[in-house]
Every structure is written in structure tokens, then in C-alpha cells.
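The values are calculated or read from the model by the stated rules, or taken from the named source; none is laboratory data. What you see is a predicted model, and the numbers here were worked out from it, not measured in a lab. Neighbour counts run over all protein chains shown; Cβ positions are idealised from the backbone, glycine included. Ligands, DNA and RNA are stripped out before the accessible areas are found, and what is left, the full protein with its side chains, is counted by its heavy atoms. Shrake-Rupley method; radii C 1.70, N 1.55, O 1.52, S 1.80 Å.
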Amino acid sequence: MSLQNEEMDVVLKIKRYSPEKGYWWQEYKLKVDRFTQFTEALRRIKSEQDPTLAYRASCHMAVCGSCGMKINGEPRLACKTLVIDMAKKYGSNVITIEPMDYFKPVKDLIVDLDEFYQRMYKVKPRLYPHKEVLEGNVEQRLKPEDQRELWKFAQCIWCGLCVSACPSVKMDPEFLGPAAHAKGYRFLADPRDTITEERMKILIDSAWRCTYCYMCYNVCPRDIEPVTAIKKTRAYTRLAKEKTSVAQTGEKHIEAIFNSLVESGKLEEAKVYLSTYGLLGSIKDFIYLFQSGKVKYALVKEKPVENISEVRKILSGDNK
Amino acid sequence: MSYEDRISDTLTKIGATITRGWYSVSERPERPPFGKELEYKVDELFWGKIHLRNEGDLYLLVISKDIFNWKDKISQLKVKGEIEDAAGGLLWLKENLDNLEEDMKYIKEYLSSLKK
Amino acid sequence: MSYAYYPGCATHGLSKDVDIATRKVFETLGLKLEEVKDWNCCGGGFYDEYDEVGHVALNLRNLSIVEKMGYNKMITPCSVCLHSHRLAAYKFKENKDIRKKVEERIKGTSINYSGKANAEHIVWVLVRDIGIQKIKEKVKRPLTGLRVAAYYGCQMLRPEEIMGFEPAFNPHSMEDLISATGAIPVTFPNARSCCGFPLMGSNPNVGIKMAYNVLKSAKDQEADLLVHPCSLCHLQLDSLQLKIKAEFNTNWTLPAIYVTQLLGLAFGFSPDELGISNLAKQVLISKGVV
Amino acid sequence: MEKVSYDVVIVGAGLAGLMAAHEIASAGYNVAVISKVFPTRSHSAAAEGGIAAYIQGNSDPNDNPDYMAYDTIKGGDYLVDQDAAELLAYKSGEIVMLLERWGTLFNRQPDGRVAVRYFGGQTYPRTRFVGDKTGMALLHTVYERTSGLGSVDFYFEWFAWELVRDENRVRGIIAFDMRNMVPVFFKAKAVVIASGGMGMLYRHSTNSYINTGDGYAMALRARVALKDPEFVQFHPTALYPSDILISEAARGEGAVLRNVKGERFMARYAPKKLDLAPRDIVSRAILTEVKEGRGFPGGYVGLDLTHLGEDYIKERLALAYEAAKSFAGLDATKEMIPVRPAQHYYMGGIDVDITGRNPDLIGLFAAGEAACVSVHGANRLGSNSLLETLVFGRETGRAVVEFLKSYTEPSSDIDKEAEKMIDSAYDVVKSESGIHFGEILEKLRDTMWDYVGVFRDENGLKTALSEIMKLREDMKKMYVLDKSKVYNTEFYNALELKNMLDLALVIATSALNRKESRGAHYRLDFPERDDQNWLKHTIAYLRGNSVEITYKPVKMTKWKPEARVY
């Protein structure tokens, strides 16, 4: 156990806001030690320097999700970030703090999260157990490995950081957003739940609207990997009875990828594209490709994997 | 002989009584079972169950009659199975059919020796 | 010095120019690229949604071959291939449930992965192992005056804990490489936003809009060209130039080239030798670079 | 003044408040839940290790609910009302299985049934857990379920300020919408206070920043008594120096405490139970080691997990591992975690019986940490607080439903009274100069930590009282710099400080008054338990600047007090 303390003078440059005054930057100087969390720094500013500074914070141990904000541009929980770490990472003792992006500002670092909560409610975030179970006649079971899998995604603390940073949320009103997908998948995949059909209807179309940029994975303070939940939700498309055109297209695309892999162990985009969008849809884009001078590459045939039988074995999971 | 029968056989061989024969378990009504279980008892020493997964994974639950914490005994326990969980009188081992007999015999001896 | 080289499908397909330029640049730097023997696709960033276990196994097959070839670093020009392999290695190490299933899946195959080998991006190797200084020494034709937007995209950076080369919100490897060529690096707001490629297979209307946003953001900073680190960004940002122009009714384009194409230009290769597209070539001519 | 009417108003949206809300709303009554924060941000989320439960058929076969009640009573140093402990034990299995049915992702045994582990003071293992984020998992489950009923109105980010009462009945509460400072009179037939604890009174606390004891102070100002206010629990293993809780689960899973010499020093203090002795004993042991020079420089000891193995630690003690890494820069799989005691829980609270009913005021109920059902007595056992919130949250909900069935509307009008209460809250905004809340707050936290902490004596407590009185004077000069009406957190911090000073006075006075050592209340000048004179509950009323203390007997059923040896 080697606790090495150190101290540092820092300047916190906080982007403040009030409806009356709009935005302004304000600087606060303070001394921090090795263990000072941003929530503690903010608390000290409020208690010792400027009581008017407004921010949310509660548990200071990264389980309540109150203190989401941008620190040096990174969407983070203030409590889970140490001041000295940020100063070192960016090589400067001047650190900026801003409210989360995307959400409407309310005051200083406080933003309006109602829109976020609405997203969460949309996915019916609760278990719908079997009637016999609810009445207490039957005991449910859950395999420990399933518990581990679900718990990973159930740890969302509703902090809003992933939504604030998600590009698809900003561009596509039909996309539920990363947090809601993690929550949705946690119930979709729970074998104790009974409304799987309905959940697929809510989740699948939206799942195909994620762009896999891994921003949510990166910013999630609980490491719940919303994007992984979205990927796993897409796998349910096969089971869905009704599919929107976005889901259908997506499904064709992934099937084309699978087929290409089985056939050659490699992925031939031109062919995949053709099977996803059909000849008519593709022709137009091939014209653009032609104009860009790329079409010559489309005609190159990559050699398949020699040991294709091994690849097929991996893909099929059949090792007999 | 079926896998299940071989397990029952093993239990009988070490002197266990089967108190409840194989039954299926699932997460909830209307879901296919993910495994099956059998309950046993060995004298006044210990009892428990065998939990057998559809995929073949085999778990052994040992509940000791005498009061102690299995967690404190883990270091001295010489079982072939993998210890999955130990709390109070409850001990879970991940087994395979080849080791089951030997491990149960060992536990029987171990618990008898504690009694002395 | 030699490296295990994993081009990936796109780099051997529609983004073949990435492969061509990369080989030329490494040759100039005196480094050997040994292609991974009988490599297979990484899953293109999608296959894990279809079969998570199969995805890990597929990627471990490549890494296992790399280990057999005697390397620990498998370098790739494609951010998605990079991401896919690193994610697979990470899952195999950290998630015991997945590890168990993968081990089951690869039983009876030639795969034997020790955990030592992992994928690295070409950009990382250029910046960290080879070094900006050595690159500068090879510059024959400084790209003076050319304003080049430094684009990172997503998967080379995120998740930061798994990619790990540079801070995801404050990277500068691309700027460093652009500077090395004598060009002016242009930083722009959408430099770390998604190009939209992964949406092209399901929701192309939004996918293309993302591409437009990236290009527009760079154009607003008066960039002449955009440079990126990914064979799939290449498919999106380079191939869709004219489509974007038509759909968003713009009077501009912002050609996108791969980072080794830019280096290749500075090393004295012609745009044609590097497979640079017509649009980008026109910019280079108009700026007097070639 | 705006007014709204509900059958029931619940203050607090943690586990106790939500559970009560669920019960009342399910019976068809309309309910408003008022909370300073969005429900999942309540302090229940911070509970880590687990929830104790005897589950028939899924417990150690030698165990039974009576042993559980006994452990609770002994753990509480016999200041426990034994009927409450029995109820807690007998309903524990049922409530955990209810939460399981609602979807809580409890850790499992290989057969898919709920797993179990040991916690301090338990004869048999009873703690059910979700990794070491059990509170968070339960809170989310109950909130998700309650919000799905559609019949509960949530007023989150609303600040509850005063109880409104007439001669003998509660008539509702005054609360502010924090976004615009608009006060609203919530008229109600019954009020349930479930506003949680008060850790912010202490310099070192594992509690959330929101835990400022608002509910206790609301009750005190409404002439309602607190029971056993001198009993404050200090958790032995808060991470040094940031006071982040390292769960008792760590010791439950086999971690051991070591001093600077590497000795497993608990052998000296609790030869049998060792590291799993109750919290008051372990806290005193740590501070004794430090005082006698066997602590690490800075004043802490080490919590050693290293022998448990990386996989096990990461799965079952993820939060402890993470906390050590994120907040102290240590790898708990390889090094000891630096820990020291910090305020953690408040055994005292609003005086209620086992139905959650308060005897001073008709229609007033309380549940959870805000209440004192006397189930924890002088020291709470780990894993019993989550259990209490759910069992007594539900019991209270049921009692409220019974109360409503025979409710008759009072004739008197109370609106004018309510209006006055709002005016008094605004004083701090009207003043143009004076003292900021922060100046007073920091002094209060130091005073409570230094003199009303783990070890107490007469001189210290008298010093504390005179300091608290001085701060209460200062408080009259308090003013708020921020005159904005939008999310004026300074205004609410000022109101919180008023609450804290009311409570502090009551705690310190009661601690000075109790001349014995029992559970968490340890008097250096009276180191022994004194059942002859002090086996009784303190009942404390706030009368202006003084505290009036009376007593209530402890309810005994089966268990006679005996020496508390572990």
C-alpha cells in the first residue's frame, strides 16, 4: 500500500449559464491533492468561494449518476474523475468544466434531463414476470452466467452522458439512444420476462440506427457498453415477426456479410452492397463510384482464405 | 446407461439416499428447462443436490449438517471439482462425472473426520 | 525491421489504393511488411452482432497466425480491423463466459492464441515506433501551403481503454503526421465524429448525412483536403463525394485521402502511383502540389 | 400560494419511500412522492454489500428467523425493540423473493437460485447481493416498478421544507419546485417521511451530499420527537482519504484488516468473529490501533483482499476494486486498501412503531433511515438497512392504507399557517448581507466529527454544544447571494443548513445525556453498558434552542440482555 500524496494549484474554468445572463466563463483557483474528486472541488468552490455556482452531485462514488458534465471536453462523472489526473493527462493546470452537450441548459452545470428520462420510459424498463410468478406460486430461476450478462447492462445509472455524446441521437429522432438500448436489452434478454415480442417491436428498428461509433462505450462511467447491447439486440431481428424497412435492410446486410464470410472467409463489399440494396439501388451508387475512379477496384477478385474449412467451422460453431 | 442414471448410480455407490429423483428446472413457467436436478442425503452428515445443465455442465451442492463456514475450509479442501461458491454450510462444486464419486467420498470422509 | 501486416478486406477491395500507398510508404521508410498468412476477415465491424463468439474466434485466428509468424504486433491500415481484433482480444481476456465459449468453438482448429499478439494501427506505428523525425527525413516534396483536415473517425480512438494509444478526446497523431509532410494540419469540430459508414448497411439516409457533416465541418475550416486513418472511412468519405454533392446540393467537394497517400505525396510519389482519386488529384494540381 | 391535494404525500424517493408509495398506490389511493433528486439518485443507490434474508429452503439449513432476530438484537446492543427485529427477520425472505420476482438481478448459485454470503454479526450467512451494488440494483427495480404503476406522481427536484400541522394532525407539507423556487402546499391526509439520513453533518461520511437530515428537522420543528438520536454509526472501512465506502462485503468475502505491522489486529478485539464483528466494534478497534501508533501515517489501516484472487474480487467486489483504483490509485488485487472509519448511518430517527406510525402527530408516518423503528437499536448490522427500507417501507404503506380507510376530513382551515412557513424560508433570500451557508457548514461538520464522533466524553460534548449554539446564532445572519429564481441551489443549501443545525443540537444533547456506552454510542468517561439505568430509548423534542428528553422502554420478547462478545 503506497499512498503518495501530492498537491497542485489548479484553475477550474467553468462555463456558467443562467437564463437571464446567458453563458459566461468563470475561473476559480484552488489547491487540490492527489485524491480530490471534481465533485469535492466543486463542493469546496461552492462552500468556500462562490455559493452561487450550481451543479448536481450526490453519492460521490459513481452510482447515482447525478454529476455528468464535460471536463476538458470529455463527458465524465465529476465524482469519478480526479482533478490531478485531468491536469496531468492534458499537461495543464487550467481545466475546463462545461455542462453536458445536447440537453437544454437550466443553470450553470445543470441541464434538463427530462428528455433523457422519456427515452428510458419508452423501453418499458421493468420486468414483466409470468402471472404465476407474480402471484408467488412459482420461484423464478436465473443462471449465474445469464445474471452476469444482464447485470452488465443493468448497471446504467441514468446519468445521460452517453446520450449527450451520441451522434445518432442528434441526427435521428427515431433512435432511442444508447442508455435506453442498454436498459431495453437488459429486459429483452432476461429469460424471466414475458413481453419479448413487444420489446422487439420497441427496440429492433432503433437498434439498426446506431452508427457503432463507440462513443457511448467510451464515455459510460459504469462500463456498460450500450453499443454492445445494441449489437446483441440486432441479433434478435431474426426472431422478430414484423420488421421495419431499416431493420430489413440491416438484416439483409448482415446476412450478406455472413454469406460472404462462409463463401470466402473474406468480405466483398461490392457483393454485400448488391445483396443488401438489390441491383437497382446499387446501380446509382456504382455510377458515383465510377466517377470517383474506384470502380476498377470493385472488379478485383480477392483470393479466398485457403483454409476455408477452418473458417467455416468457426462460423458454424460445429466442431464435430 | 444414460448420463442421469450414471450420476444416480454414483450417488448410491457412496451410500447416498436419493430423496428426490430427477426433475426439470427452468427460469419460469412456459420456458423450456435449462437443466435438471436430483436431491440426495448422506446419513446425518450432509445433503444437497446435483444440478445438471442441458449442455452437460454438472454441479454438486453440499450442505453440511454441522455448523461451520465452508469458506474457511476452502484452503484445506482436497477436491477435484472446482469450488464455485462457499458460504456457511453451503458448498457448490463444479464437477464432472469422472470425479464425482471420488469427491463425494472425500467430502464424506472429511465431514466424518470433523465430527470426531 | 519488419511487421506482420493485416490489410483487411476493404484494403484489398474497394480501398485498394490504401494498400498501394501504405506499401510504398513503408518501403520508402525501409520497413518490410509481411502479410499475415492466409488471413481472414475480421467481421467488418458487424459480424459480432450476428455471432459474438464466432467474431472473437475469427479474430483470434489471425492473431494466432501472427504469433506463429513470430510477431506480437499485427499492423493494419484499417480502424475497423484494428478495433475488431483489439476488442476480440480484450473480450477473450476479460470475459470468462465468452472465453469459455470461444475455447469450445476453436477446439480442433489450428488456433492457438497465447494472448501476446494484438493489432496496432499503422498510424500508431508511424508516430510511436518509426517517429516523426524519420518520416520528415524522407520528405522530398514538402506539401507547403496545403490545408489538410485531420480526421480520426471513431474506431481508432474508442474505446480509449482498449485502443489505448492516445486520449480519445484529445488525439494529435494525425496532426503530427500532417505536419511532418509540411502541410498545414487543420483541426475541426467533427474530427472525431462518425463518418456514417456503419449506417450505410441499414439506415443510409442518416449515414450519408453524417459523412456530409464531417466534410462540411472540415470545409468550414477552409481545408483543401481531408486525411483519415481508415479503409472504411475511405469508402464513405472518398467514394461518396459526388453523391453527397448531389444530395446536399453543395457547390463544393472535399476530397478525402488516406494518411499514407498524403505521406506518399510528400515522399515524392505521384498521385497515380498512390492510387489517389480524380477529385483529390484536381485539388493537388490546383494547389500546385503536383 | 399554490395548493395541491393528495391522499398521501411521501417525502423521499429512496427504497423506503418508493416501497410505501407502491403499497399505497396499489391500494387505489393517490400519492405524491417528493424528492430533492431524481429517484435513482437517492442514497439507497449507494448501499453496497447486500440485503439480509432468511429464505426458507434457500438458507443455511441450521438457520432460522429467530437466530436472525437474535443477531440483530445483539448487534444493536439490546436497544432493539424485539418485536421489530422479529418482524424484520420473519419478513426478510418474503421481501427478497418479491424483489427477485420484480426482476432484481441477485447473484446466483449455479442452480439459478439467489446466492448468499456472510456479513458482520451474522451467525449464519444471510446476505443476498447484486455484486457490491445491491442498493443500486434494488432501487432501480423498485423505481422502475413504481413508475410503471402510473398512479404515483413524482415530484423530483422538489425540496420539502416544512410539515404543516394543526392541533394534533398532520395536514400536509410545504415544498419548493427547485427549478423555479415556487412553493406549493401539498395538502394530504397522511405524510410519510422517508427522506434518509444525515451524513453531511460530519466531516467524514460515506453518505451522499444530499443527506442533510431534512426529514428529522422537519419533524422536530413540527414538535415531533426523535428516538435515540445519539446513535450514529461509523463504518469501519471508508476509503482513505475520500471516505468512499468499501463494503463490509469485502470482509464478508474474506478480506482482513491489518495494521502497519501487518498484524490481523481484530484478534485482539473480537477473537471469535474477528473482522466480521459488528461495525461499532471494528471502528473502535481501527481508531485504537491508530491512536496507539499501529496505524499507517495519516491515520488509517489496511484492508487486505489480495489473497482472494483477481477474478473473485472483480466479480464480487467490483466496486471496492474500482474505488481503490479510481479514487486512491491502488490495485486491490495486489495491494491493501487504505481505510478508516467514517460516519455511515443514523440509527436514531423519527419516533415510530413497527407500523411506521408516529405517536405525536396523527397521520404522520416515517420509514427507512429517517425513521427509528428501533430495529437497529444502538448499532445496525450490515445488510439490515436495505432490508429495513423494504420491510418497513411496505409495513408503513400498509398502515397508511388502514389509516386512510377510517379517515375523516378535518373542518379547520390551515392555509394561513402554511403561508407563514413559506415566508420564514424566504428570509435568507431577502437579506442583502451576512454570512454564507458555507462558513457555518464547515464549522459544524468539524465540530460533529471532533466531538460527537466514535469516541465521546462530557467535555467534548459540552464543547460541541456551545459551538452548535454559536453556529445557530450565526445562522440568523445567514443570507443568500444568488437572487435568481432558477435552480437556486444556494437557497436550498441554506435551508439544508438550518435543518442540520436543528438536528445537531438534538444529537449532541442526547449524547451528553446518555451516561453509558452502548453500541455506537461510546463514552470514554462511561465505558460500560449500564442496563440498570439506560436500557431505554431516548425521546427528544426540540423546543426552540433547547432539547427536551424523555424515555421509552425497550420492547422485549424473548431475549434477555447479555454481554456482547464477538
* Segments classed as strands (runs of 3 or more DSSP E), wholly inside region C:25-121, with at least 2 members that are open to solvent by 10 Å² or more (accessible area, probe 1.4 Å) -> C:32-35, C:118-121
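Any idea which of A:244, A:249 is hydroxyl-bearing (Ser, Thr, Tyr), surrounded by fewer than 23 Cβ atoms within 10 Å (Cβ to Cβ) and at the interface with chain C (Cβ under 8 Å from one of its Cβ atoms)?
On the way: A:244 fails: at the interface with chain C (Cβ under 8 Å from one of its Cβ atoms).
Among A:244, A:249, only A:249 is hydroxyl-bearing (Ser, Thr, Tyr), surrounded by fewer than 23 Cβ atoms within 10 Å (Cβ to Cβ) and at the interface with chain C (Cβ under 8 Å from one of its Cβ atoms).
To keep it simple, each residue is scored yes or no on (1) of a type in the set (Val, Ile, Thr); (2) more than 12 Å from chain C (Cβ to nearest Cβ).
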{"site": "A:146", "(1), (2)": "no, no"}
{"site": "A:154", "(1), (2)": "no, yes"}
{"site": "A:157", "(1), (2)": "yes, yes"}
{"site": "A:164", "(1), (2)": "no, yes"}
{"site": "A:176", "(1), (2)": "no, yes"}
{"site": "A:184", "(1), (2)": "no, yes"}
{"site": "A:192", "(1), (2)": "no, yes"}
{"site": "A:208", "(1), (2)": "no, no"}
{"site": "A:211", "(1), (2)": "yes, no"}
* Asked: Taking only pairs six or more apart or across chains, which ones have beta-carbon atoms under 8 Å, a first residue in region A:102-121 that is farther than 16 Å from residue D:37 by Cα and touching a residue at least 12 places away in the same chain (Cβ under 8 Å), and a second residue that is among the hydrophobic types (A, V, I, L, M, F, W, C) and open to solvent by 60 Å² or more (accessible area, probe 1.4 Å)?
  -> none
* Selection from region A:114-138 of residues that are at the interface with chain D (Cβ under 7 Å from one of its Cβ atoms) and either charged (D, E, K, R) or not in a helix (DSSP H, G or I) (or both) -> A:125, A:126, A:127, A:129
* Asked: In region B:12-20, is there at least one residue being of a type in the set (Ser, Thr, Tyr) and assigned to a loop (DSSP other than H, G, I, E, B)?
  -> no
* To do: Inspect region C:6-19 for any residue being assigned to a helix (DSSP H, G or I), at the interface with chain A (Cβ under 9 Å from one of its Cβ atoms) and touching a residue at least 40 places away in the same chain (Cβ under 8 Å) and give the result as yes or no.
  => yes
* Within region D:528-545, which residues are assigned to a strand (DSSP E or B) and in contact with a helix residue (DSSP H, G or I) (Cβ under 8 Å, 6 or more places away or on another chain)? -> D:538, D:540, D:541, D:542
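Can you confirm whether region D:470-492 contains a residue that is more than 14 Å from every other protein chain (Cβ to nearest Cβ), in contact with a Phe, Trp or Tyr (Cβ under 7 Å, 6 or more places away or on another chain) and at pLDDT 95 or above? Let's see the steps before the verdict.
Just the residues of region D:470-492 that are more than 14 Å from every other protein chain (Cβ to nearest Cβ), to begin with: D:470-477.
Add one more test, that the residue is in contact with a Phe, Trp or Tyr (Cβ under 7 Å, 6 or more places away or on another chain), and what stays is none.
No; the residues of region D:470-492 include none that is more than 14 Å from every other protein chain (Cβ to nearest Cβ), in contact with a Phe, Trp or Tyr (Cβ under 7 Å, 6 or more places away or on another chain) and at pLDDT 95 or above.
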* region A:35-61, residues that are at the interface with chain D (Cβ under 8 Å from one of its Cβ atoms) and assigned to a helix (DSSP H, G or I) -> A:39, A:40, A:43, A:46, A:47, A:48
* Residues being in contact (Cβ under 8 Å) with a residue 40 or more places away in the chain and under 25 Å from the mean Cα position of the chain (by Cα): count how many of those fall in region D:470-486. => 1
* **Number of the exception - residue D:299 against (1) within 17 Å of residue D:247 (Cβ to Cβ); (2) within 14 Å of chain A (Cβ to nearest Cβ)** => (1)
* **region D:89-133: number of residues that are part of a loop (DSSP other than H, G, I, E, B), β-branched (Val, Ile, Thr) and more than 11 Å from chain A (Cβ to nearest Cβ)** => 2
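Is at least one residue of region A:83-98 over 15 Å from residue D:327 (Cβ atoms), within 14 Å of chain D (Cβ to nearest Cβ) and crowded, with 20+ Cβ neighbours inside 10 Å? Give the steps one after another, and end with the answer.
Our first condition is that a residue be over 15 Å from residue D:327 (Cβ atoms); within region A:83-98, this holds for A:87-98.
Now narrow it down to the ones that are within 14 Å of chain D (Cβ to nearest Cβ): A:88-89.
Subsequent filtering for residues that are crowded, with 20+ Cβ neighbours inside 10 Å retains none.
No, the conditions are met nowhere in region A:83-98.
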* Matching entry among B:47, B:22, B:92, B:70 (being open to solvent by 20 Å² or more (accessible area, probe 1.4 Å), within 11 Å of chain D (Cβ to nearest Cβ) and free of Cβ contacts under 8 Å to residues at least 40 places away in the same chain) -> B:47
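Name the one entry in D:378, D:418 that is modelled with pLDDT under 95 and over 12 Å from the mean Cα position of the chain (by Cα). Before the answer, list the steps.
Numbers: D:378 fails: modelled with pLDDT under 95.
Unique residue meeting the criteria: D:418.
Name every residue in region A:76-97 that is over 30 Å from residue D:198 (Cα atoms) and assigned to a strand (DSSP E or B), in order of residue number.
From region A:76-97, those over 30 Å from residue D:198 (Cα atoms) are A:85-96; that's our starting set.
Within region A:76-97, A:94, A:95, A:96 qualify.
Rundown of residues vs (1) touching a His at 6+ places or on another chain (Cβ under 6 Å); (2) assigned to a helix (DSSP H, G or I); (3) within 28 Å of residue D:425 (Cα to Cα); (4) modelled with pLDDT of 95 or more, yes/no style:
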| residue | (1), (2), (3), (4) |
| --- | --- |
| D:135 | no, yes, no, yes |
| D:138 | no, yes, no, yes |
| D:143 | no, yes, no, yes |
| D:146 | yes, yes, no, yes |
| D:155 | no, no, yes, yes |
| D:171 | no, no, yes, yes |
* For region A:140-208, please list each of the helices (runs of 4 or more DSSP H) lying entirely inside it that holds at least 1 residues being buried (at least 23 other Cβ atoms within 10 Å of the Cβ), among the hydrophobic types (A, V, I, L, M, F, W, C) and in contact with a Gly (Cβ under 6 Å, 6 or more places away or on another chain). => A:161-165, A:167-171, A:196-207
* Failed item in (1) over 26 Å from residue A:34 (Cβ atoms); (2) out of contact with any Ser or Thr (no Cβ under 9 Å at 6 or more places or on another chain); (3) open to solvent by 10 Å² or more (accessible area, probe 1.4 Å), with residue D:300 passing the rest -> (1)
* Structure fact -> Counted residues in region C:213-244 being away from every other protein chain (no Cβ under 14 Å), in contact with a Phe, Trp or Tyr (Cβ under 9 Å, 6 or more places away or on another chain) and surrounded by fewer than 20 Cβ atoms within 10 Å (Cβ to Cβ) come to 3
* To do: Give the residues of region D:526-566 that are of a type in the set (Val, Ile, Thr), open to solvent by less than 50 Å² (accessible area, probe 1.4 Å) and touching a residue at least 60 places away in the same chain (Cβ under 8 Å), sorted by residue number.
  => D:538, D:539, D:554
* Asked: Within region A:252-274, restricting attention to residues that are in a helix (DSSP H, G or I) and within 7 Å of chain C (Cβ to nearest Cβ), which residue is surrounded by the most Cβ atoms within 10 Å (Cβ to Cβ)?
  -> A:261
* To do: Scan region A:167-195 and report the pairs whose first residue is closer than 30 Å to residue A:132 by Cβ and whose second residue is at pLDDT below 95 and hydroxyl-bearing (Ser, Thr, Tyr), with Cβ atoms within less than 7 Å and a gap of 6+ or a chain change.
  => none
* To do: Report the residue count in region C:10-50 for those that are at pLDDT below 95 and hydroxyl-bearing (Ser, Thr, Tyr).
  => 4
* Verdict on residue A:78 being more than 8 Å from every other protein chain (Cβ to nearest Cβ), within 25 Å of the chain's Cα centre (by Cα), of a type outside the set (Ser, Thr, Tyr) and closer than 25 Å to residue D:13 by Cα -> yes
